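Where a number appears in this text, it was derived from the coordinates with a stated rule and is not lab data. No experiment lies behind these values; they were computed from the predicted model shown. Here the Cβ is made from the backbone with ideal geometry for all residues, glycine too, and neighbour counts use every protein chain on show.
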Amino acid sequence: MRRADLADADCGIAQALGVLEDWWTFLIVRDVAGGTTRFDALQRELGVSRRALTERLGALVEHGVLERRPYSQHPPRYDYLLTRKGEALLPVLLALQDWGTRHVMGDGELTATAEADSAEARRAHDLVGRRLPEVSLPGPDGLPVAPAAAGEWTVLYFFPGAYAPGAAGGHPPGWGEIPGARGCTVESTTYADRYADFRAAGAQVRGVSTQRPDQLADFVAYTGLPFPLLSDQDGRLAAGLLLPTFRAGGVARLKRLTLLVDAATVVRAVQFPVTDPAGSVDEMLDLVHRSRPA
């Protein structure tokens with residue numbers, strides 16, 4: 001089938017490929033989601049020719065995946081930002097990343113962690129020096145919250161899934177057999193136990209999972225956590241940072257990972273893989289003491 005025929009095919013996959021024409025297009029969406037929104041920066045990141053980038057950006061704008069927002073009048077310059085239609089592609093990017101990590105770079109085994117010397121771990125530690133994407137995520141009450149506290153250092157821990165006992169939609173079958181999946185409750189409650197110490201050290205704490213806000217609300221009520229848990233169920237932060245993920249129970253889940261973010265929302269330290277959920281909390285508290293300026 002010729003590419004020109006795809007737009008006429010009576011198939012959602014073919015229709016999507018008529019918009020997402022080649023692998024460069026996926027990488028453009030990936031980088032825009034991560035906060036690289038200007039032409040010259042995209043060209044540097046991707047190593048693509050100016051002509052090819054111009055054509056693909058134009059097509060994505062035409063199809064409503066990106067919008068152009070001017071930041072300079074003389075000369076005219078634009079930021080390229082994801083629309084709601086573009087943000088709906090983020091779970092597709094996460095699924096591609098998970099498939100590539102598990103089945104192309106890995107042995108196909110389902111895991112919620114990684115080897116310390118793996119490409120996945122190297123990618124996670126390459127986040128040091130990156131600024132968080134400008135996104136807000138719903139908290140347990142559904143209201144939007146920034147992942148990093150304004151003007152403060154923040155410990156941002158990502159976890160696969162934590163549920164209150166008896167809550168609807170809890171852990172899927174076989175959860176305990178997935179390496180690295182267990183430990184979310186003990187990790188969260190250990191952060192709660194150490195919360196006063198983190199505040200005394202000048203850092204806030206926030207947790208993130210792909211669970212629904214109501215599930216997080218049940219867990220917060222059950223444990224009495226003194227800090228917010230945020231829902232990345234649409235994958236906006238996970239896709240923006242290319243965080244390690246896995247699928248369980250038909251849902252994309254975040255692998256256990258912790259970031260130390262400074263007051264300018266720049267990542268200063270990464271914990272991944274996290275093999276000791278409780279012990280990692282004390283390690284992060286030590287990192288806060290060593291990383292924050294006196």
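As I understand it, the dipole of region 32-138 uses +1 on the Cβ of Lys and Arg and -1 on the Cβ of Asp and Glu, about the Cα centre. Which of GLY129, PHE39, ALA112 lies farthest toward its positive end?
Towards the positive end, the residue furthest out is PHE39.
Calculate, in nm to one decimal, what ASP10 and ALA278 gain on full extension: separation in residues at 0.36 nm each, minus their alpha carbon distance.
Result for the pair: 91.3 nm of gain on full extension.
Considering only ALA278, LEU216, GLY250, whose Cα is most displaced toward the positive end of the charge dipole of region 215-294, charges sitting on Cβ of Lys, Arg (+1) and Asp, Glu (-1)?
Projecting each Cα onto the dipole axis, the largest value belongs to GLY250.
When the Cα centres of region 117-153 and region 266-294 are compared, how far apart do they sit, in Å?
14 Å
Net charge within 9 Å of PRO70 by Cβ-Cβ distance, Lys/Arg positive one each and Asp/Glu negative one each, not counting PRO70 itself? Before the final figure, lay out each step's value.
Values: positive: ARG68, ARG69, ARG77; negative: ASP79.
So the surrounding residues net to +2.
I need to check one value: relative contact order of region 1-139, counting alpha carbon pairs closer than 8 Å and at least 6 residues apart, in percent. Could you put the intermediate results ahead of the total?
Working: 96 pairs, mean separation 25.0, N = 139.
In percent, rounded to a whole number, it is 18.
For an R0 of 25 angstrom, estimate the FRET efficiency from the Cβ-Cβ distance between HIS63 and VAL104 and round to the nearest 0.05. Please report the intermediate quantities before stating the final value.
Numbers: r = 28 Å, r/R0 = 1.10.
Calculated transfer efficiency: 0.35.
What does a probe at ARG44 reach in region 66-108, counting residues whose amide N is under 16 Å from the point 7 Å along Cα→Cβ?
Backbone N within reach: 78-80.
So for the chain, averaging the separation of alpha carbon pairs under 8 Å that are six or more residues apart and normalising by length, what relative contact order in percent results?
Values: 484 pairs, mean separation 63.8, N = 294.
Dividing the mean separation by the residue count of the chain yields 22 percent.
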